[in-house]
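Comments concern the structure below.
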Amino acid sequence: MDLTGTITVVMPAQSGVSQRSGNAWMSQEYVMEIPGQWPRHIVFRIFGEDRIKQFNIQQGEQNVTIQFDIDAHEYNGRWFNEIRCYNVLRSVGQQPYQQQPAQPQPQPAAAPFPPAQVNSNGQPMQGQGSADDLPF
C-alpha cells in the first residue's frame, strides 16, 4: 500500500538487543498527515538502522510517499495494528533532478479526412465533398 503526505512528527529511535538472537536492533516511528477535506494522521515504523539512515526522514518534509504493510498482533487478549514502512519515495521536487534522455516526439497522425476545400472568398465550396452533402 502507498500513502502520500507530510511528516509532522519524528519520534526518537528505539533500540535494544534481541533476547532470541542476541543481535542489536533499532526502529523509529513517524507521524504523517494525509491531506484531504479532513486531514488524517498515520503512525508508521521503520525497522533497521540501515533503513532509518537510508530514508533519512525529516520533520516537515512534504509529498513523501511511504510504501508499507499492515500487520496485527495480539497481546493480553487485545489486538494491535502495526504499520511497517519498507520504502520511502519523495516527489521530484525534493530529489536531485536527473535529466532523462530525450525521447523522440511522436509525429501527428495524418488527418482521417482531407481538409475542406474553400473558394477564393474563404467560403466552403458547394458540390461533392462539401459539408452539406451528408447522407443523413
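The values are calculated or read from the model by the stated rules, or taken from the named source; none is laboratory data. Just so it is clear, the structure is predicted and the values come from calculations on it, not from any experiment. Counting neighbours? That spans all protein chains shown, and the Cβs are built from the backbone with ideal geometry, glycine included.
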So, GLY60, is that one at pLDDT below 95, surrounded by 13 or more Cβ atoms within 10 Å (Cβ to Cβ) and in contact with a Ser or Thr (Cβ under 8 Å, 6 or more places away or on another chain) or not? no
Among the listed residues TRP38, TRP25, which satisfies the condition of being exposed (fewer than 10 other Cβ atoms within 10 Å of the Cβ), at pLDDT below 95 and hydrophobic (A, V, I, L, M, F, W, C)? TRP38
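One line per residue, one yes/no per condition, for (1) within 13 Å of VAL88 (Cα to Cα); (2) of a type in the set (Phe, Trp, Tyr):
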position	(1), (2)
THR4	yes, no
ILE7	yes, no
TRP25	no, yes
GLU29	no, no
GLU33	no, no
TRP38	no, yes
ILE42	no, no
VAL64	yes, no
GLN67	yes, no
Report yes if some residue within the range 74-89 is at positive phi and surrounded by 10 or more Cβ atoms within 10 Å (Cβ to Cβ); otherwise report no. no
For the range 41-52, give me each residue that is of a type outside the set (A, V, I, L, M, F, W, C) and either surrounded by 11 or more Cβ atoms within 10 Å (Cβ to Cβ) or within 13 Å of ILE7 (Cα to Cα) (or both). HIS41, ARG45, GLY48, GLU49, ARG51
If I filter the range 89-99 for residues that are closer than 20 Å to PRO12 by Cβ and either at pLDDT below 65 or part of a strand (DSSP E or B) (or both), do I get at least one hit? no
